[in-house]
1. Order A:82-91, B:37-46 from most to least packed using the mean count of other Cβ atoms within 10 Å.
2. Between A:LEU39 and B:ILE102, with labels modelled 7 Å along Cα→Cβ, what's the label distance in nm to one decimal, could you check?
3. If I stretch the segment between B:ALA68 and B:LEU85 completely, what's the gain in nm (0.36 nm per residue apart, minus their alpha carbon distance), one decimal?
4. Which distance in nm do the two modelled labels at A:VAL204 and A:ARG125 give, with both placed 7 Å along the Cα-to-Cβ direction?
5. Could you work out what % of the accessible surface of chain A is carbon and sulfur, using a 1.4 angstrom probe and leaving DNA, RNA and ligands out of the count?
6. Arranged from highest to lowest average of other beta-carbon atoms within 10 Å per residue, in what order do the peptides A:12-22, A:65-75 appear?
7. Net charge near A:SER197: determine it from the other residues with C-beta under 13 Å of the C-beta of A:SER197, scoring Lys and Arg +1 and Asp and Glu -1.
8. How far, in nm, would the chain grow between A:LEU19 and A:ARG103 when pulled straight, counting 0.36 nm per residue and subtracting the alpha carbon separation?
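The values are calculated or read from the model by the stated rules, or taken from the named source; none is laboratory data. From a predicted model like this one, the values you see are computed outputs, not experimental measurements. When we count neighbours, we look across all protein chains shown, and the Cβ atoms used for this are built from the backbone with ideal geometry, even at glycine. Only protein heavy atoms, including side chains, enter the accessible area calculation; ligands, DNA and RNA are left aside. Shrake-Rupley method; radii C 1.70, N 1.55, O 1.52, S 1.80 Å.
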Amino acid sequence: MSVGKKYGGVYLAGARAALPFALATFVLGISFGVLARSLGWGIVAPIVFSVIAFSGSAQFAVVAVLGAGGGALAAIVAAILLNSRFLPMGVAVAPFLKGGPLRRALEGQAVVDASWALASRGGGRFDREFMIGATLPQVAAWISGTVIGVLSSDVVGNVERLGLDVIFPAFFMALLVDELRDGWRTIAVALIAAVLSLVLVPWVPPGVPVIAACAAALLGLKRRSS
Amino acid sequence: MTTLWVAILGVALASAAIKALGPVLVGGKELPPSADAVIALLAPALLTALVVSETFGDDGHLVLDARAVGVGVAALALALRAPVLLAVALAALTTALLRAFI
């Protein structure tokens, strides 16, 4: 664990593992650029947005809210609700990040769904270098996709026609299957989380069900019988 | 135009703050074992909720469409011990084919 060379290898392994997601993110980025351009956002604003926010779900939410005639505040609230899932994800990886508050805050920016999930090692452990490595190609793909999208606004990158939108849930499913091998307690947590999110989806704004489902993790307070 | 820039800056700042909060508050400190146990179970809870909302959720509605079949195929492949990338590729392929022909 001591040499930098080894860390370099882990960063690279993370980046490689993230390539399928980078592809999907790239196509999503194109659709975002096309969509933003069609709303009259111009060329600069969508690109700046992708660079400083780097958040597909939040940016699409802003497109949806502003596109429907909503105001800036409504757009920000929608984005916060959607991105609130990064709070528990950040808490989960926190013990594995390095340095003082500022550095930890910076490293926390590397938390995106696919990287966080890819870096999960089961039993609550996370691989910091792998996560950061996995985020880099996705950032590059998101920004370059946005650029291509705004510049070629009549070429519609169709994520859905290619079935790329299911890459994410299918991959989360794969990680979940791994987690479930941990035992009954994990299975119980997953069942509660599934019920909570299914029940809540029709009633609360998008993003909230994922946060509410975290309540299932409180099962950890129950003492293990072993 | 101002509305757009306010939204862009607001979302970028809020997003960065949300991601920073956990690592800054929790990081580096020893936590009581009960908190560790809860944090360890956040992963399965979050993963489940992401699967459910990205498979059945559609703008605040529950829907059963090609995505559910695709993710179902992936689950089946995983249960049969298929490699992760194969399972994910099968999910995308199934969903794309269903959308093309139905």
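1. Per-residue mean Cβ counts within 10 Å order the peptides as B:37-46, A:82-91.
2. Simple spin-label model gives 3.1 nm for this pair.
3. Values: separation 17, 0.36 × 17 = 6.12 nm, distance 1.79 nm.
Roughly 4.3 nm would be gained on extension.
4. 3.2
5. 71
6. Details: A:12-22: 19.1, A:65-75: 16.1.
Final packing ranking: A:12-22, A:65-75.
7. Here the charged neighbours net out to 0.
8. On the way: separation 84, 0.36 × 84 = 30.24 nm, distance 2.61 nm.
In short, 27.6 nm is gained.
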